[in-house]
Protein chains: 2
Amino acid sequence: MRNIKMIIQYDGTRYKGWQKQTEDINTVQGKLESILGNMTGEEIQLVGCGRTDTGVHAINYTANFHTNSTMNTDDMHKYLNDKLPDDIAVKSIKNASERFHARYNILSKTYMYRINNSGIKNVFDRKYIHSIDEKLNIEKMRECAAVLVGTHDFQSFTTLKSKTKSTVRTINFINIEDNDGIIEIDVNGNGFLWNMVRIILGTLIEAGKEKLNPEDVKNILEAKKRAEAGPMVPAKALFLKDVEY
Amino acid sequence: MRNIKMIIQYDGTRYKGWQKQTEDINTVQGKLESILGNMTGEEIQLVGCGRTDTGVHAINYTANFHTNSTMNTDDMHKYLNDKLPDDIAVKSIKNASERFHARYNILSKTYMYRINNSGIKNVFDRKYIHSIDEKLNIEKMRECAAVLVGTHDFQSFTTLKSKTKSTVRTINFINIEDNDGIIEIDVNGNGFLWNMVRIILGTLIEAGKEKLNPEDVKNILEAKKRAEAGPMVPAKALFLKDVEY
């Protein structure tokens, strides 16, 4: 059986996230599997690189699937982009080695968050950026981000209820770039708990507003209580940017 | 009475163009005048730099209005951006000289059109770009654009029915830039007839598809018949970019 690897881009605005739920709910996986099913005449099960929340976007989402179809990947590429709605695109599609698995083989993932802190309203970018009027102190944000880098128990940074699974994760880096008030924050880690990126971002914004210092962030980690961390930022400005294998 | 000049940005997707029609139609002018009315307690009449069609956007639309309000322009700026919907923004608002008139004082206007000719679907840009799969010949487009530059009777390039007004206009320049298949075309002129930019663009795209050469474009101008020119391009990729005074 062939193993096919795809890189997918999607605007998450209209979707209840990546992960297929029941048949009648609009998800990116559900949409793709239905079109892949028509294309191959088989019931296709996509393996995705992870869940994304309702409204979260993806620039380079990776998925794979197995098929007996003999269609070449160029034809698949054309077929899919033709049939998919405007807000989902296949960026590349290739034959992969038999062993490739879009979830198990992940080394790390990078999420990007976009903040408009320029004080200038931009109507064309409004659906993909979080506007904050109060001027953020970028240095304070970087100091607090540094506390989160490394291997920690991120229990304070998830809305996950289960106590049975480990909440220890490793953040490899958090990069914060400010271009004339358009702030882009990249968070790279080996894995993320439910809502973890959005709670980390909410906490860093509190730091930018000078309500938290690095010592406070240490205490939040140690408290292992969701209530200690900052609020969750809106999904519309969050992008799954890259998946490293 | 004070004369106030504003630079406005809007996403035209939701609007029936700039120009106010009856009270119940959703136009950019109508939306702005209603909020300016609440702000000043007066009935405000905005003078705009021209009409824009349904679905056309503006990056730097210029308008002015007269008022007896004593509110300072910084407070007006905040009030307006706070009350306006997400898809209309005031970029600047200043006291202008008594004589400034947003329409009569225009020297030229620049429209920008955006074409995705890269063959790569981009979900985040889809509402503001016109996708063309067939590879366009940019040199042919430039050669045909050169024929249109200058002062000509543009009767073939308008859907305007009236025969009583002059259809002579001057195009100062048409710049065509291609960045990896993302084509941006700037058209600058002293004035534009109804749908003129969109018909010029449709004609240039025919040239890019090698269906027209410069001689054909000359003949289209001379024919003075709408049917001779190319089709009208979609509004969603057209921006009023600048107004020069």
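Numbers at a glance
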quantity	calculated
Index of the failed condition, B:Y113 passing every other in (1) open to solvent by less than 50 Å² (accessible area, probe 1.4 Å); (2) more than 30 Å from B:T203 (Cα to Cα)	(2)
Residues located in the range B:116-132, provided they are more than 14 Å from B:I185 (Cβ to Cβ), part of a loop (DSSP other than H, G, I, E, B) and either open to solvent by less than 40 Å² (accessible area, probe 1.4 Å) or not aliphatic (A, V, I, L, M) (or both)	B:S118, B:G119, B:K121, B:N122
Those residues of the range B:1-34 which are within 14 Å of another protein chain (Cβ to nearest Cβ) and open to solvent by 20 Å² or more (accessible area, probe 1.4 Å), in sequence order	B:I7, B:T13, B:R14, B:K31
Residue that is surrounded by the most Cβ atoms within 10 Å (Cβ to Cβ), among those in the range B:133-147 that are closer than 22 Å to B:I120 by Cβ, touching a residue at least 24 places away in the same chain (Cβ under 8 Å) and in contact with a Gly (Cβ under 8 Å, 6 or more places away or on another chain)	B:M141
Selection status of A:A102, within 14 Å of another protein chain (Cβ to nearest Cβ) and crowded, with 20+ Cβ neighbours inside 10 Å	no
Flag if A:N72 is exposed (fewer than 14 other Cβ atoms within 10 Å of the Cβ) and either aromatic (F, W, Y) or away from chain B (no Cβ under 14 Å) (or both)	yes
Test: B:Y79 is more than 19 Å from B:N38 (Cα to Cα) and either over 25 Å from the mean Cα position of the chain (by Cα) or of a type in the set (S, T, Y) (or both)	no
Qualifying position, being modelled with pLDDT of 95 or more, closer than 30 Å to B:A63 by Cα and not small (G, A, S), among B:V217, B:V187	B:V187
Residue ID - nearest to the other protein chains (Cβ to nearest Cβ), chosen from residues in the range A:77-98 that are in a loop (DSSP other than H, G, I, E, B) and touching a strand residue (DSSP E or B) at 6+ places or on another chain (Cβ under 8 Å)	A:D87
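The values are calculated or read from the model by the stated rules, or taken from the named source; none is laboratory data. Bear in mind that the values here come from a model prediction, so they are computed numbers and not experimental data. Positions of Cβ are backbone-derived with ideal geometry, glycine not excepted, and every protein chain shown enters the neighbour counts. Ligands, DNA and RNA are stripped out before the accessible areas are found, and what is left, the full protein with its side chains, is counted by its heavy atoms. Shrake-Rupley method; radii C 1.70, N 1.55, O 1.52, S 1.80 Å.
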